[in-house]
Amino acid sequence: SGSIVYNTYMQNYGWLTDKSNNSTNGLLGQGLRMEAFKVKLTGDLAKYYDVYYRAHVQNIGWGGGGQKGPCSP
């Protein structure tokens, strides 16, 4: 049991409400930047699995990826 929970920090807005399991998080059609994001697992998923991620950064490209920590270029 458990889920994946994520949140985005949007330009001019700050942190939005947590979303989970395929729900869209962000502001569509407003031309604003997503400046940061958070991802975590809950419940039993957090005990047995890790979150791996990569981010594409404007003017830099794809970051090196991360696991339970910052993603750096």
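Just to be sure I understand the filter: pairs with C-beta atoms under 9 Å, separated by 6 or more residues or on different chains, first member in the range 31-56 and in contact (Cβ under 8 Å) with a residue 40 or more places away in the chain, second member in a strand (DSSP E or B) and loosely packed, with under 13 Cβ neighbours inside 10 Å. Which pairs pass? Every condition considered, the pairs that remain are V51/Q67.
Being out of contact with any strand residue (DSSP E or B) (no Cβ under 8 Å at 6 or more places or on another chain) and assigned to a loop (DSSP other than H, G, I, E, B) is the filter; apply it to the range 1-16 and report the residue that is farthest from G43 (Cα to Cα). Among those that are out of contact with any strand residue (DSSP E or B) (no Cβ under 8 Å at 6 or more places or on another chain) and assigned to a loop (DSSP other than H, G, I, E, B), it is N12.
Within the range 31-73, being at pLDDT 85 or above, of a type in the set (S, T, Y) and closer than 20 Å to L16 by Cβ holds for one residue alone: T42. State yes or no: is N25 open to solvent by 50 Å² or more (accessible area, probe 1.4 Å) and modelled with pLDDT under 85? So N25 fails the test.
The values are calculated or read from the model by the stated rules, or taken from the named source; none is laboratory data. It should be emphasised that the depicted structure is a prediction, and the values quoted were computed from it without experimental measurement. Glycine also receives a Cβ, built like all others from the backbone with ideal geometry; neighbour counts cover every protein chain displayed. Surface areas here come from the heavy atoms of the whole protein model, side chains and all, with no ligands, DNA or RNA. Shrake-Rupley method; radii C 1.70, N 1.55, O 1.52, S 1.80 Å.
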